[in-house]
1. Exactly one of these conditions fails for residue 103: (1) free of Cβ contacts under 8 Å to residues at least 40 places away in the same chain; (2) of a type in the set (Gly, Ala, Ser); (3) assigned to a helix (DSSP H, G or I). Give me its number.
2. Looking at (1) assigned to a loop (DSSP other than H, G, I, E, B); (2) closer than 16 Å to residue 266 by Cα; (3) not basic (Lys, Arg), which is the only condition residue 174 fails?
3. Quick one: which of 92, 69 is at negative phi, under 39 Å from the mean Cα position of the chain (by Cα) and assigned by TED's automatic domain parsing to the domain that holds residue 139?
4. Please go through (1) at pLDDT 85 or above; (2) more than 18 Å from residue 351 (Cβ to Cβ); (3) of a type in the set (A, V, I, L, M) for residue 502 and return the number of the only condition it doesn't satisfy.
5. (1) surrounded by 10 or more Cβ atoms within 10 Å (Cβ to Cβ); (2) at pLDDT 85 or above: which one isn't true of residue 7, the others all being true?
Amino acid sequence: MEFFERLKKWIGKQSRRFVFFLRNKAVGFVRGIFRFFRAIVLGVRNFFISIYKAAKEHPKSFRKGLMSFFLMGLGQFRNKQWYKGGIFLGIFLVFLIVEFVTSDYIYAPAELSQYPADDQLYFFRDYGGIITRGIWGFFSLGALSMGDAYRGITIVGEDARYSWMLADNSRTLMGEGIIIAVLMVVLIGLWIANIRDAYKTDLRIRAGEKVESAKEWVRSIWDRNFAYIITLPGAILVLFFILMPFLFSFLVAFTSYDAAITLRMDLIAWETETFTDVLFGGEPAWRSFFFDVLRWTVFYAILSSVTVYILGFIQALIINSKYVKFKKVWRLILILPWAVPGMVSLLVFSNIFGGTHGLMNNILADFGIVDNVREFLRTIGLIGSPREEGNIQWFTHPDNANLARAIVLTVNLWMGFPYFMLLITGVLGTIPQELYEAADIDGGSAPQKFRFITFPWVLRATAPVIITTFTFNFNNFGAIYFLTGGGPRYHTADVPNALRGIEPGQTDILISWIYTMAFESGDHDAYNLAAVYSILVFIMIAVVSLYYLSKLKSFWEEDD
């Protein structure tokens, strides 16, 4: 009884500490939001104050910057830096040329007289170039669908005489709008740099400083920005193949888009209804199942990351031991689970435990121990109900959720520990032997050397990898989809009517449930819900990863 009383007091003390921790974090979060918006307001205020001071203290230099504001490169021309002015003006002209080449402005007068607008005229939709039409399309997501009457004709889907007679495709307009928005951000950044350069250069000229020649300017650009220049091709690829698709997926959650949208027949509109339903209202069953899946996802991500790290650490210590012979052979054998492609391993284990006649059930049946194994699994809590009969339904019986989850964690352990074994083996080789020799002189035991030398050294080097492994496992779609398919399902009676057809499986993590909702459920209204959940997952992963990485000294260290 005394033990249980002490345990009760300890749990109460830890609970109070945890509540205090959450309260402090909540207060800090609110303060952080306030400081963020305050910093924005102060930044805007300081920006206008700096402009006012520049105009008052250096009016002539300010006028040079103002010239570049109205026309890129004009301030540089006035500073007699023809090379800079030509580059900035050339960039601006490229945007203008692209806009006019891709537009139909020259046809507007004739067509407007032949097909006048009775009610509403969408000028940039009808005649704008790729930039103005892209901006219009991004904000409107289209105005006319197939069959609508516009300018005295019926909008068609294809083979129109004029491009403006074609119905709008909201998805295409959103995609083009995102591309144009990114390019406009780049143009605005160059425009600001052009204004700043004209102003700063005139200040140096008036201070009597020597202004660099074109050759010197190119050389200084190359020297100062060499690292950025050589990474520019990779940055462009990231921009077009990662950032833009991410922005598209992100913005879909703020629209009325669903999988039932038909090209040119239906239009999408901007809205936040799905977000408000998920966070503040809507169907309570969504939130209930979301938090159930979230709890399992967090548990899976933490445990799968910790177990592979611990087992990899143990295997590295064993192989690194001086008492182990044939190290290369053992290292080769232990690396095989990682060498085999992950999807192949998952499909193999899926066949081993899948169905009622998989390899594992056949082996147990051959030895006549199916009932004994089932009883053992029920005793340790992996099988929750005595209703199952016949062969063990590892991934399909609704009462075998714990069993399926244990298999998922075990298979992940099998596939993941060799990576950490190799990583930690390499780190162990970097530990100075002088540390161990000093410990031997001081009489340190093997556990003490591990605790105070080996473990801190390895942990400091591998802590960022542990965090990235956690983020990977949090979104480890393949481990669930190819192994269990999300099963076992819930009992039909436990699933609310609002979630029938889009309910998660009991081993589904958030990312696999999101995929099922969006592409396999057949429920068109679930697409938006999946987009919202994917954004929430991204926010959670980003916040957790950045927070813990910021706490790692090794992650922020730089060479002098």
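1. Against the list (1) free of Cβ contacts under 8 Å to residues at least 40 places away in the same chain; (2) of a type in the set (Gly, Ala, Ser); (3) assigned to a helix (DSSP H, G or I), residue 103 comes up short only on (3).
2. Only one criterion in (1) assigned to a loop (DSSP other than H, G, I, E, B); (2) closer than 16 Å to residue 266 by Cα; (3) not basic (Lys, Arg) is unmet by residue 174, namely (1).
3. Details: 69 fails: assigned by TED's automatic domain parsing to the domain that holds residue 139.
Every option except 92 fails the conditions.
4. Looking at each condition in turn, residue 502 falls short on (1).
5. (2)
Residue-wise test of (1) among the aromatic types (Phe, Trp, Tyr); (2) surrounded by 14 or more Cβ atoms within 10 Å (Cβ to Cβ); (3) closer than 23 Å to residue 308 by Cα.
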position	(1), (2), (3)
430	no, no, yes
433	no, no, no
438	no, no, no
451	no, no, yes
459	no, yes, yes
462	no, yes, yes
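Results for (1) surrounded by fewer than 12 Cβ atoms within 10 Å (Cβ to Cβ); (2) among the aromatic types (Phe, Trp, Tyr); (3) modelled with pLDDT of 80 or more; (4) not assigned by TED's automatic domain parsing to the domain that holds residue 476, shown as yes or no for each residue.
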{"residue": "205", "(1), (2), (3), (4)": "no, no, yes, yes"}
{"residue": "264", "(1), (2), (3), (4)": "no, no, no, yes"}
{"residue": "292", "(1), (2), (3), (4)": "no, no, yes, no"}
{"residue": "300", "(1), (2), (3), (4)": "no, yes, yes, no"}
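Condition check ((1) surrounded by 19 or more Cβ atoms within 10 Å (Cβ to Cβ); (2) touching a Cys at 6+ places or on another chain (Cβ under 7 Å); (3) closer than 30 Å to residue 78 by Cβ) across all residues:
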residue: 137; (1), (2), (3): yes, no, no
residue: 149; (1), (2), (3): no, no, no
residue: 164; (1), (2), (3): yes, no, no
residue: 172; (1), (2), (3): no, no, no
residue: 182; (1), (2), (3): no, no, no
residue: 186; (1), (2), (3): no, no, yes
residue: 193; (1), (2), (3): no, no, yes
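The values are calculated or read from the model by the stated rules, or taken from the named source; none is laboratory data. Since the structure is predicted, the reported quantities are computational estimates derived from the model, not experimental observations. Because the Cβ atoms are built from the backbone with ideal geometry, glycine has one as well, and the counts that use them run over all protein chains shown.
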